[in-house]
Amino acid sequence: MAKLILILGGARSGKSRTAQQLAQKIGGDSVLFVATAQASDDEMRERIDSHRRERPAAWQTLEAPLNVAACLGGKSLPAVVLLDCMTLLASNLLLTLPEDCSQAEANQAVLDEVERLLTVQEPSSATWIVVSNEVGMGVVPPFRLGRLYQDALGVANQRLARSADAVILMVAGLPWYLKGESDHD
C-alpha cells in the first residue's frame with residue numbers, strides 16, 4: 001500500500017536529516033531524491049553540495065525546481081520518493097507568477113502542483129516522503145511576496161497533511177508525530 005509521509009518543521013529543525021534516515025530505513029538504496037533547490041548564489045550552491053554529500057551515493061537524484069509531477073509521471077519509481085522540499089517548490093512556483101497576482105492565484109498555483117503530485121503519488125507503490133517548512137508559527141512577513149508565500153505554503157501543507165498517512169513535526173531535531181504512528185523510528 002502506498003504511503004505518504006509529510007515532515008514539517010522550521011529552518012534547521014532536522015527535517016532533511018530525518019527524511020533521509022527514514023528513506024534509508026524504508027528503501028535502502030532504492031530511493032529517488034527529488035531536489036527542488038536551485039543554485040542561485042554561492043551560499044545556496046554550498047547548501048546543495050552539502051546535502052549531496054550527506055546522501056547515499058546509490059540513491060538516484062532528480063533535480064526538478066518546477067513541474068515535479070510532470071517529471072515523475074510515467075516513470076518507474078523506486079521504493080521511496082523523497083521530495084526535498086515543498087518549501088522551495090512553492091517559492092519557485094510563486095516566482096513564475098505576475099507580481100500583481102492575488103493571494104487566491106498564488107494559493108491555486110501551489111495547490112495545483114500539490115494535486116498533480118498526489119495524482120502521481122496515489123497509484124504508485126512507492127513510499128513518498130515530502131519535506132516542507134512550517135511557516136505559520138512565525139511572524140507575518142512585512143513584504144507582500146512573503147505573505148503570499150507564507151499563506152500559499154500553509155495551504156499546501158494543509159492539503160498534504162490531509163492526504164498523508166503520517167505527519168511529523170520536527171522541533172530541535174526531535175520528531176513529534178502529529179498523525180500516524182512512530183513505527184518508522
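Read-outs: derived from the displayed coordinates by stated rules, not from any lab. Source: prediction; values computed, not measured. Quick reminder, even Gly has a Cβ in these numbers, built from the backbone with ideal geometry, and neighbours come from all protein chains shown.
Rank-order 27-34, 148-155 by packing density, defined as the average count of other C-beta atoms within 10 Å over each peptide's residues, highest first.
Output ranking for 27-34, 148-155: 148-155, 27-34.
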- Message: Which residue fluctuates most in the GNM of the chain (Cα springs below 10 Å): 134, 46, 63?
- Response: 46
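Work the Kirkwood hydrodynamic radius out for the chain: mean of 1/r over every pair of different alpha-carbon atoms, inverted, in Å.
On the way: mean 1/r = 0.0602 Å⁻¹.
After inverting the mean inverse Cα-Cα distance, the result is 16.6 Å.
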- Using a simple charge model, +1 on the beta-carbon of Lys and Arg, -1 on the beta-carbon of Asp and Glu, nothing else, what dipole does the chain show about its Cα centre, in debye to the nearest 20? 320
- Using the alpha-carbon centroid of each, what span in Å lies between the stretch 47-101 and the stretch 136-180? 17
